[in-house]
1. Got a number for residues in the stretch 120-131 being modelled with pLDDT of 75 or more and either assigned to a helix (DSSP H, G or I) or surrounded by fewer than 13 Cβ atoms within 10 Å (Cβ to Cβ) (or both)?
2. Take G188 and tell me if it is closer than 26 Å to E69 by Cβ, touching a residue at least 24 places away in the same chain (Cβ under 8 Å) and of a type in the set (G, A, S).
3. If we scan the stretch 62-69, do we find a residue that is more than 22 Å from K277 (Cα to Cα) and not in a helix (DSSP H, G or I)?
4. Would the stretch 253-261 turn up any residue that is at pLDDT below 75, under 24 Å from T72 (Cβ atoms) and not hydrophobic (A, V, I, L, M, F, W, C)?
5. Could you tell me how many of the residues in the stretch 222-239 are modelled with pLDDT of 85 or more and crowded, with 19+ Cβ neighbours inside 10 Å?
6. Could you please find all residues in the stretch 206-225 being in contact with a Ser or Thr (Cβ under 9 Å, 6 or more places away or on another chain) and either closer than 21 Å to F36 by Cα or hydroxyl-bearing (S, T, Y) (or both)?
7. Please give the number of the condition L38 fails out of (1) under 30 Å from V150 (Cβ atoms); (2) free of Cβ contacts under 8 Å to residues at least 60 places away in the same chain.
Amino acid sequence: MSVIELTIIILIGSYLAGLLGSLTGLGGGFIIIPLFTLILHIDIHYAIGASLVSVIATSSGAAAAYVKEGITNMRLGMFLEIATTAGAMLGAILAIYIPTHYIAILFGVILISSALMSIVKKSEVIIQHKSYLAARLKLYSNYPTANGPVEYGVTNVAGGFGMMLFAGVISGLLGIGSGALKVVAMDGIMRIPFKVSTATSNFMIGVTAAASAVVYLQRGYIDPGLSMPVVIGVLFGALTGSKILVGSNSSNWMRVTFAVIVSIVAIQMIYNGILHKI
């Protein structure tokens, strides 16, 4: 395979990764890593390095658009980022002692459970109730719709913070953005609208991935020749996805997309975990 052919394949794959990552709040790693390891047969360490770069690019491309449109809950995202950053640091320490294939299997099981919950939850109900912590920290907000701004409350802040801590640990262990757990924490536990959850997840995952990317950069696992087309493709895909999400009035199709993608990622994680490939 020539360099031009390799670059074109990476660009196309990265565009799809950015598009789906932007719509679901997962980041682009769930496509980048299988593309690099299974199709292009690139060492998984370099795949993870490029994946982290793609997550940062997805966050940078989509987050700016979501913030501009007023969908992202920045106050909530900055508060929860405390947990994910602390968790990522803890995960980096634990990674020395815990085999990652065990964590991969556990993560896959959690993702499948998350996908099932997304499918079972047929309709979205915007809650107005604000828990004590949410009210004190002013985490509640609103997001724009065709019929005007929609106010929403936030509940179970402690539970969401705990899940974010776990998401950070997973990110530090496996070198992924762990956007799925962030979306589950905000949508399922804190009862935030799904559109806001995905937008806020995109805002957060870049910070988490950047912390992990520094480690991979120091170890020489971020190759500019692989990362550059990834950044370009993912950035354009993320911008396209953000335009689709902003113009969407229903989140049901996003839930189905989220469930399908998360299930595929889960099966891949469990399979690679059992075979000790992670």
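The values are calculated or read from the model by the stated rules, or taken from the named source; none is laboratory data. This structure is a prediction, so every number in the text was calculated from the model and none was measured. All Cβ positions, even for glycine, are placed from backbone atoms using ideal geometry, and neighbour counts span all protein chains on display.
1. Count: 0.
2. Answer is yes for this residue.
3. So far as the stretch 62-69 goes, no, none of its residues is more than 22 Å from K277 (Cα to Cα) and not in a helix (DSSP H, G or I).
4. Taking every residue of the stretch 253-261 in turn, at least one turns out to be at pLDDT below 75, under 24 Å from T72 (Cβ atoms) and not hydrophobic (A, V, I, L, M, F, W, C).
5. Residues in the stretch 222-239 being modelled with pLDDT of 85 or more and crowded, with 19+ Cβ neighbours inside 10 Å: 9 in total.
6. Scanning the stretch 206-225 gives G206, T208, A209, A210, S212, G225.
7. (1)
Per-residue answers, yes or no, for (1) in a loop (DSSP other than H, G, I, E, B); (2) of a type outside the set (A, V, I, L, M); (3) surrounded by fewer than 24 Cβ atoms within 10 Å (Cβ to Cβ); (4) touching a residue at least 12 places away in the same chain (Cβ under 8 Å):
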| position | (1), (2), (3), (4) |
| --- | --- |
| F166 | no, yes, yes, yes |
| S171 | no, yes, no, yes |
| A180 | no, no, no, yes |
| V184 | no, no, no, yes |
| I192 | yes, no, no, yes |
| T198 | no, yes, no, yes |
| S201 | no, yes, no, yes |
| A209 | no, no, no, yes |
| S212 | no, yes, no, yes |
